[in-house]
Amino acid sequence: MTDLKSTLERLYRLIPLGKKLGLERMQAACAAFGNPERAYPIVHVAGTNGKGTVCAFVSSIARASGQNVGVYTSPHLMRFAERINIGGQPIADELVIDLLNRVMDRAPDLTFFEVSTLAAFLAFQEAKVDLAVLEVGLGGRLDATNVVPPPRVVAITRIAYDHMADLGDTIALIAAEKAGIIKPGSKVVLGKLHPDARAVIEAKAAEVGATIVELGSPEPIAGAPLAYPRVALVGSNLAVAVTVARELGIPPEVMAQGIEQTTWPGRNELLHRSGQELTLLDCAHNPDGAVALSHALDPSVLGDIESRKEIALVFGALNTKNWRAMLRRLEQVAGHRVFVAPPIHRGVDPHEIAQFCPGEVANSVGEALARARALVGPRGVVVVTGSTFLVGAARALLLNLPTDPPVAL
């Protein structure tokens, strides 16, 4: 197959296979390709929220130090190629076509996520990256990314309730799955964790002979003023990334430069037209993420906004998520609410959401954005959240950017 459309259609036909947790298929496929995942040092990042943000910071810092860095994240916001980033850019469509078809030809039993992961491993090997930064897809222990050899640094960002059908229904059980990426000799950096989670992870590190590194300051140079990107405002993600960078031996002044250059679209991202029509995009898709977003929506953080009447929430979620708990955390921050289904199967019917929490219903993402803007006017803020897939669609519409179909894998 020589074009992107037919290649992605071939890949997307694997979606019904869903998630098959387990490493055997992936280990065999990697071996068939000569184990490309062993060709470079690795930073491996797990956690309920903040994984992608930590990957964005660590990779930007490492690039600032002159390294050629590969980054693997999921799901994609707008284009599939975002998942495999080399040198700060998504890989070219031609490379997507070549890699995906090579993997699917030789390893026909892999799932969508496994094919994508092995394609990333090959891309990084062929680009001769100096460092690969890998985001876990789901959990950790049985995730396709966990076939890698012991990473230089493992990071576990946050542990909260999400994907409980796959990972368990207590903080300790979820932590045990995340801790599965800890390997002998690795340095382990932990975000601010619940004591139950920390105890499980510390036990795993001791069992395999890994070293837990104390979480350091988010400031690379104490007291030095930095032009922090908005994504730095959320949680302990920046502290985790800076602590990882210290373990990689990157000097503080280089870290500062890398932090200032970090971009992570759709995560506490503020779009505007000439300083007006502010739209805040945030991929919060579980209650823990909604709490973090609610802090970022404080009027003191948003500047000219004086009351919640000037904020309109555009909200949609997947039916696998605890959307009621998310809305309970967000309903106080916005004076107006517009509900819409994310453009992917398993979206919650917005009429059902409106029965739970007062608000208007829109039939499309474009209609929801237009209605929200009309409610607050050009000086108000529209906040789009609840689902990565809703945020991706909204961002593409607002910036007139191309998209590939969304995939919840």
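The values are calculated or read from the model by the stated rules, or taken from the named source; none is laboratory data. None of the values given here were measured: they were computed from a predicted structure. Please note: Cβ atoms are built from the backbone with ideal geometry, for glycine as well, and neighbour counts cover all protein chains shown. Quick note on the areas: whole protein, heavy atoms, side chains included, nothing else; ligands and nucleic acids left out. Shrake-Rupley method; radii C 1.70, N 1.55, O 1.52, S 1.80 Å.
With kT/(6 pi eta Rh) evaluated at 25 °C and eta = 0.890 mPa s, and Rh the Kirkwood radius from Cα pairs, the stretch 108-147 diffuses with a coefficient of 225 µm²/s according to Stokes-Einstein. On a 0 to 90° scale, report how tilted helix 112-126 is relative to the longest principal axis of the chain, with both axes built from alpha carbons and the result rounded to the nearest 10. Roughly 60 degrees between the two axes.
With each label modelled as a point 7 angstrom along the Cα→C-beta vector, the LEU226-THR403 pair spans 3.3 nm. What part of the accessible area of the stretch 1-80, given as a whole %, is carbon or sulfur when the probe is 1.4 angstrom? Exposed carbon and sulfur together represent 52 percent of the surface.
Taking the C-alpha atoms only, the angle from helix 51-64 to the longest principal axis of the chain is near 70 degrees. Global dimensions of the stretch 63-125 from alpha-carbon coordinates: Rg and Dmax equal 11.8, 39 Å.
In this simple spin-label approximation, GLU24 and HIS345 carry label points 7 Å from Cα along the Cα→Cβ vector, and these lie 2.7 nm apart.
Here the Debye sum runs over all C-alpha atoms of the stretch 114-211 as equal scatterers in vacuum, and log10 of I(q)/I(0) at q = 0.14 Å⁻¹ comes out as -0.53.
Length gained on full extension, LYS5 to SER364: 126.8 nm, using 0.36 nm per residue less the C-alpha separation. Across all directions, the shadow cast by the convex hull of the stretch 361-406 built on its C-alpha atoms averages 3.5 square nanometres.
For the chain, DSSP calls about 25 percent of its internal beta bridges antiparallel. Residues whose amide H comes within less than 5 Å of that of ILE212, counting only those at least five positions distant or on another chain, are VAL188 (H built at 1.01 Å from N in the peptide plane). Counting every alpha-carbon pair across the chain, the share separated by more than 38 Å comes to 17%. One decimal place: the segment GLN332-ALA199 gains 44.4 nm when fully extended, by the rule 0.36 nm per residue minus the C-alpha distance. With all protein chains kept in place, the per residue accessible area of the stretch 318-396 amounts to 40 square angstrom at a probe of 1.4 angstrom. Based on the Kirkwood radius over alpha-carbon pairs, what value in µm²/s does the Stokes-Einstein equation return for the translational diffusion coefficient of the stretch 287-386 at 37 °C and 0.692 mPa s? So the translational diffusion coefficient is about 245 µm²/s.
Exposed loop sites were defined as GluC sites (Glu not before Pro) in DSSP loop states (anything but H, G, I, E or B) carrying at most 10 other C-beta atoms within 10 Å; in the chain the longest segment without such a site runs 1-213. Which number gives the lysine pairs in the chain that have C-alpha atoms under 17 Å apart and are eight or more places apart or on different chains? So the count works out to 11.
Each Lys and Arg adds +1 at its Cβ and each Asp and Glu adds -1 at its Cβ; summed about the Cα centre, the stretch 216-348 shows a dipole of about 660 debye.
Cβ-Cβ distance of LEU233 and GLU253, R₀ of 25 Å, FRET efficiency by 1/(1 + (r/R0)^6): the value works out to about 0.65. The base-10 log of I(q)/I(0) for the stretch 238-332, evaluated at q = 0.11, 0.17, 0.18, 0.21 Å⁻¹, reads -0.46, -0.90, -0.96, -1.10 [Debye formula, identical scatterers on Cα atoms, solvent excluded]. Each Cα pair under 8 Å and six or more residues apart adds its separation to the average, and for the chain the resulting relative contact order is 17 percent.
Using a 1.4 Å probe over the heavy atoms of the protein chains, calculate the carbon and sulfur portion of the accessible area of the stretch 160-282 as a whole percent. Result for the stretch 160-282: 55 percent of the exposed heavy-atom area is carbon or sulfur. Where the alpha-carbon atoms of the stretch 1-141 are placed on the principal axes, they occupy 38, 32, 31 Å, in descending order. Multiplying the residue separation of ALA32 and THR320 by 0.36 nm and removing their Cα-Cα distance gives an extension gain of 100.1 nm.
DSSP loop (so not H, G, I, E, B), at most 15 other Cβ within 10 Å: list which trypsin sites (Lys or Arg not before Pro) in the stretch 69-144 pass both filters. For trypsin sites (Lys or Arg not before Pro) across the stretch 69-144 that sit outside H, G, I, E and B with at most 15 neighbouring Cβ atoms in 10 Å, the list reads LYS128.
Among residues other than VAL147 with Cβ under 12 Å from its Cβ, the summed charge is 0 (Lys and Arg +1, Asp and Glu -1). Label point of ASP105 set 7 angstrom out along Cα-Cβ; within the stretch 22-42, amide nitrogens under 15 Å from it belong to 33.
The amide H of ASN268, built 1.01 Å from its N in the peptide plane, has ASP282, CYS283 as neighbours under 5 Å, considering only residues 5 or more places off or on other chains. Around the Cα centre of the chain, unit charges on the Cβ atoms of Lys, Arg, Asp and Glu (plus for the first two, minus for the last two) sum to a dipole of about 200 debye.
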